[in-house]
Amino acid sequence: MRFIHIADIHLGADPYIGSSRKEKREKEIWTSLERVLEVCESKHVEMLLIAGDLFHRQPLRRELKELDYLFSKLTMTEVVIIAGNHDYLKRDSYYRTFQWSKNVHMILDREIQCVEFPAYSLAIYGMSYDTKQITEECYCDAFAQRRQPYEILLAHGGDDSHIPIKKENLLGLGYDYIAMGHIHKPQIICPDKIAYAGALEPIDKNDTGAHGYIYGEITTKGCRIRFVPFAMRSYIHQTIEVNPSMTEHELKETVAKVIDEKGKENIYKIILDGMRDPEISYNVDTLDPYGNVIEITDQTRPAYQFDKLKEANKGNILGAFVAELEQYPENSMEHQVLCEGVRALMETRRG
């Protein structure tokens, strides 16, 4: 029996990408899910497991209709869904009343429920959130009931506010596989036994690294899983080292070159580091050559020649600032504050 495990799709999210690409990125998240369904069809996948946060917020009825249409086109795949902390089952949630196609099965209960598929000798267990936060350890006694030869648990959580989970407890529950959601970074918790699929697409600027889905097979020999990178874009935190000879134009070319090498399709947070010419203050607004830089942090420090400044300014306030600098390491907050003081005094002198 072949399965694909996804989680944290966050349809309807407001991606952290910048206003110029926001609408396009929202559509890309839907497109990425459609691409997963195409894989299900082409590879004859029997089960699509969605381990929570299919939506980023409460789904609209029209969105459920669109989604159900996509699921209904699957000719060989059963879909099993649980609600997570973002799309939890509010009292008036459309999840509660929506009529899914016959191949779609959503667990609508805070208690562990089971969906059986005798044709595949399979039982799938899970529960849905009915509030934004659940602090109880809901899975600690959610033992496999052996209703079918193969059994899978869908679970969502892993931190103090969202169903705390202990690895050793999960291993003792008796499932062939536990499909996890909530943590956006894909993680194999126990080889071929427990895994977080991670977010299908990166949603937040801190969702760095590879994103995709878990592909698995369960046979009489056991379960085998592997992570499949699949995201259309990645969030990349890129540090660029500057030096005192680097001009703003050269820095802009350097940023463009790095993005060319790592992929224009990706989304970047640029961190400027190193020592710059004290006469230069970089205009970070010019450092987005392709419109895919969402944040620029300037951590550069002016490359003052403090010995010469101290000697030339004995007996005045600038000299006193420089002398004070010698007491602190270069990476300290005090050193940075004093450097700003030196810069301000020198700019005042230039008048």
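Just a few scattered comments:
- Structure note, pairs 43/102; 132/221; 24/167: Cα-Cα distances above 27 angstrom occur for 132/221; 24/167.
- Backbone N within the stretch 207-245 under 16 Å of label point (7 Å from residue 290 Cα along the Cβ vector): 232-239
- Neighbour-count ranking [beta-carbon atoms within 10 angstrom, fewest first] of 272, 49: 272, 49
- The GluC sites (Glu not before Pro) of the stretch 51-159 that meet both conditions, a loop assignment by DSSP and at most 15 other Cβ atoms within 10 Å of the site Cβ, are 111, 136, 137.
- Difference of contour (0.36 nm per residue) and Cα-Cα distance, residue 143 to residue 121: 6.2 nm
- Set of lysines with alpha-carbon distance to residue 262 below 19 Å, sequence-local pairs under 8 removed: 205, 252
- Of the peptides 181-188, 41-48, the order by per-residue mean of other Cβ atoms within 10 Å, starting with the highest, comes out as 181-188, 41-48.
- Computed with the Debye formula from one identical point scatterer per Cα of the stretch 218-272, without solvent, the log10 of I(q)/I(0) at q = 0.22, 0.32 Å⁻¹ comes to -0.88, -1.28.
- Average silhouette area of the stretch 38-176, convex hull of alpha-carbon atoms, in square nanometres: 8.4 nm²
- Multiplying the residue separation of residue 237 and residue 114 by 0.36 nm and removing their Cα-Cα distance gives an extension gain of 40.1 nm.
- Only helical runs count toward this figure. For the chain, summing -39,500 (n - 2.57) over DSSP H runs of n ≥ 4 and dividing by all residues gives -8000 deg cm²/dmol at 222 nm.
- Rg to Rh quotient for the stretch 235-350, alpha carbon positions, Kirkwood Rh: 1.07
- Shape index of the chain: Rg/Rh, with Rg the Cα radius of gyration and Rh the Kirkwood radius from the inverse mean 1/r over Cα pairs, equals 1.14.
- Taking a span of 18 Å or more along the helix axis (Cα atoms) and a mean Kyte-Doolittle hydropathy of at least 1.0 as the rule, no DSSP H helix of the chain qualifies.
- Charge-dipole axis of the chain as Lys and Arg at +1 and Asp and Glu at -1 on Cβ define it, positive-most pick from 84, 44, 58: 44
- DSSP beta bridges confined to the chain are antiparallel in about 35 percent of cases.
- Approximating the spin labels as points 7 Å out from Cα along Cα→Cβ, the residue 330-to-residue 316 distance works out to 2.6 nm.
No lab work stands behind these numbers, since they all come straight from the coordinates. Fair warning: this is a prediction, and the values are worked out from it, not measured in the lab. Here Cβ is always computed from backbone atoms with ideal geometry, including for glycine, and neighbour counts include all displayed protein chains.
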